[in-house]
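Some notes on the structure that comes next.
Here, each number is a calculation from the coordinates, and none is a lab measurement. From a predicted model like this one, the values you see are computed outputs, not experimental measurements. Cβ: placed from backbone, ideal geometry, glycine included. Neighbour counts: every protein chain shown.
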Amino acid sequence: MTTLFDAAPATTTAAGPRPGSRLYRVAGLDISLTGTGIASAGGTVRIPTKGRRKDSIVDRHARLRYITTRVLDEVGTVDLACVEGPSHASMGQAGHHDLSGLWWRIVGALVEREIPVAVIPPMSRAKYATGKGNSRKAVVLDAAQRRYGAILPSDDEADALILRAMGLHHLGQPLAEVPDGHRAALAGCQWPDLPEVAR
């Protein structure tokens, strides 16, 4: 089927939880126009798309709708969705306006499904992964692969896995032990009230 933008099939890799007791259903979402990363109990997935400068409003809307639909299909029903918050340092970059619209489309759809949403600042995600809030994505990717034994072909999936790990840690079920300095990153996040989730 022809689409209004270039889209490659999503790639899936195994990066599930450690064996043991049942974990809460937590999803991590690294929302992006070019490669949204999603992590869940079943592993990680990346949803890549490509836009063009000449794209019309209709084209751009179709791209955002496509990504949102794919994300919601991948997430399904969870106890908590951990979404990376806006990167204020990149506000001047091309596509920021569309990325903001995509972020709100996805978060709004999760809220409408009554899925609790946690917002994780980019620096908190990096700090939880590496101990330093200014770590580059490649460093976060390496840390995620080492700590969780995951095979992650992209930093989008690594970020999503870290976001999921943070949500599980917040709920008292960390995927792995992390140093105190890393764990301190949990305090800088916007966590929703979860009255129905026993902790």
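Phi angles across segment 173-187 convert, under the Karplus curve 6.51 cos²θ - 1.76 cosθ + 1.60 with θ = phi - 60°, into 3J(HN,Hα) values of 10, x, 5, 7, 6, 10, x, 4, x, 6, 4, 4, 5, 5, 6 Hz, Gly and Pro given as x. Peptides 163-170, 39-46, 104-111 ranked from most to least packed, by the mean per-residue count of other Cβ atoms within 10 Å: 163-170, 39-46, 104-111. The HN-Hα couplings worked out from phi for segment 144-157 by the Karplus form 6.51 cos²θ - 1.76 cosθ + 1.60 (θ = phi - 60°) are 5, 5, 6, 6, 9, x, 9, 9, 10, x, 8, 6, 4, 5 Hz, whole numbers, x standing for Gly and Pro. On full extension, the segment bounded by Asn134 and His97 gains 10.9 nm, given 0.36 nm per residue less the C-alpha separation.
Cβ-to-Cβ counts within 10 Å put Ile151, Ile31 in ascending order as Ile151, Ile31, the fewest first.
If the only charges are +1 at each Lys and Arg Cβ and -1 at each Asp and Glu Cβ, what is the size of the charge dipole of segment 45-199 around the Cα centre, to the nearest 20 debye?
620 debye
With only the Cα atoms considered, segment 6-188 has a convex hull volume of 108 Å³ per residue. The stretch between Lys54 and Gln145 holds 29.0 nm of extra length on full extension. This uses 0.36 nm per residue minus the Cα-Cα distance.
Near Ile38: Cβ cut-off under 12 Å, other residues only, Lys/Arg at +1 and Asp/Glu at -1. The net charge is -4.
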